[in-house]
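Below: one structure, written as structure tokens.
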Amino acid sequence: MKAILLAAGVGSRLSRKIDRPKSLLEVGDTTIIRHTAEMLLKEGIEIAVVAGYKKDLLYENLKGLDVKFYYNPFFKVTNSMASLWFARDFFDDKNDMILGNADVFWEKNLLDKLTADPRDAVMLSDVSRVKVGDYFFKTVDDRIVLYGKDIPPEERTSEYVASPS
């Protein structure tokens with residue numbers, strides 16, 4: 001199994017208050033991205049990180065970990081799809097892939113649920129956030145039938161697990 005952690009964005013709402021990528025926010029005695037990388041590596045998952053904004057801080061924070069880095073030089077004007085393009089050689093047909101935003105804190109129990117699920121495609125979402133959030137989904141029978149920022153509140157069933165910048 002492989003994982004790509006997207007860490008290129010500026011995080012414009014938060015960057016006005018801090019001078020580092022959101023994935024470098026501290027949780028306990030580590031950062032969000034290092035926590036995630038260490039958790040994935042302990043499970044034998046190969047990791048790639050796509051960096052952009054303040055990339056040297058990310059490289060320094062993950063120093064000593066077996067992580068492959070890619071760089072999105074257009075991070076200020078592109079989105080996650082462009083970052084994935086820069087990491088395209090990391091993809092292959094032999095390994096399952098986890099795609100995650102590096103600024104989302106998640107624990108091992110979610111990784112266990114994700115990797116144990118037998119379906120071909122699985123997405124983690126937060127069912128507790130349907131009134132306030134950034135990007136919402138409506139699911140029916142575990143299938144996404146509607147998605148976007150402007151779904152009426154009464155139709156929302158979950159929010160995307162990341163905070164888009």
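The values are calculated or read from the model by the stated rules, or taken from the named source; none is laboratory data. Keep in mind the model is a prediction, meaning the values are calculated, not measured. Ideal geometry is used to build each Cβ from the backbone, glycine not excepted, and the neighbour counts take in all protein chains shown.
Check whether at least one residue in the range 109-117 is under 29 Å from Gly44 (Cα atoms) and touching a residue at least 60 places away in the same chain (Cβ under 8 Å), and report yes or no. Give the derivation first.
Residues of the range 109-117 under 29 Å from Gly44 (Cα atoms): 109-117.
With the extra rule that they be touching a residue at least 60 places away in the same chain (Cβ under 8 Å), the set shrinks to 111, 115.
Yes, the range 109-117 has at least one match.
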Seminar exercise, completed: When (1) surrounded by fewer than 17 Cβ atoms within 10 Å (Cβ to Cβ); (2) more than 16 Å from the chain's Cα centre (by Cα) are applied to Met81, the one that fails is (2)
For this session: Could you figure out which of (1) at pLDDT below 90; (2) touching a strand residue (DSSP E or B) at 6+ places or on another chain (Cβ under 9 Å) isn't true of Lys131?
Result: (2)
For this session: Can you work out which of the residues in the range 4-18 that are out of contact with any Leu (no Cβ under 9 Å at 6 or more places or on another chain) and more than 21 Å from Ala87 (Cβ to Cβ) is modelled with the lowest pLDDT?
Result: Ser15
Exercise. Out of the residues in the range 98-113 that are surrounded by 15 or more Cβ atoms within 10 Å (Cβ to Cβ) and among the aliphatic types (A, V, I, L, M), which is modelled with the lowest pLDDT?
Worked result: Val104
For this session: Take the residues in the range 143-165 that are at pLDDT below 85 and out of contact with any Ser or Thr (no Cβ under 8 Å at 6 or more places or on another chain), then tell me which one is nearest to Ile45 (Cα to Cα).
Result: Ala162
Problem set entry | Condition met for Asp19 (over 17 Å from Asp103 (Cβ atoms), exposed (fewer than 12 other Cβ atoms within 10 Å of the Cβ) and of a type outside the set (Lys, Arg)) | no
Exercise. Of the residues that sit in the range 116-150 and are on the phi > 0 side of the Ramachandran plot and not small (Gly, Ala, Ser), which one is surrounded by the most Cβ atoms within 10 Å (Cβ to Cβ)?
Worked result: Asp142
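Of all residues in the range 136-155, count the ones that are under 16 Å from Ala121 (Cα atoms) and not in a strand (DSSP E or B). Full working, then the answer.
Here is the first cut: in the range 136-155, the ones under 16 Å from Ala121 (Cα atoms) are 137, 139-145.
This time we only want the ones that are not in a strand (DSSP E or B), so: 141-142.
Qualifying residue count, the range 136-155: 2.
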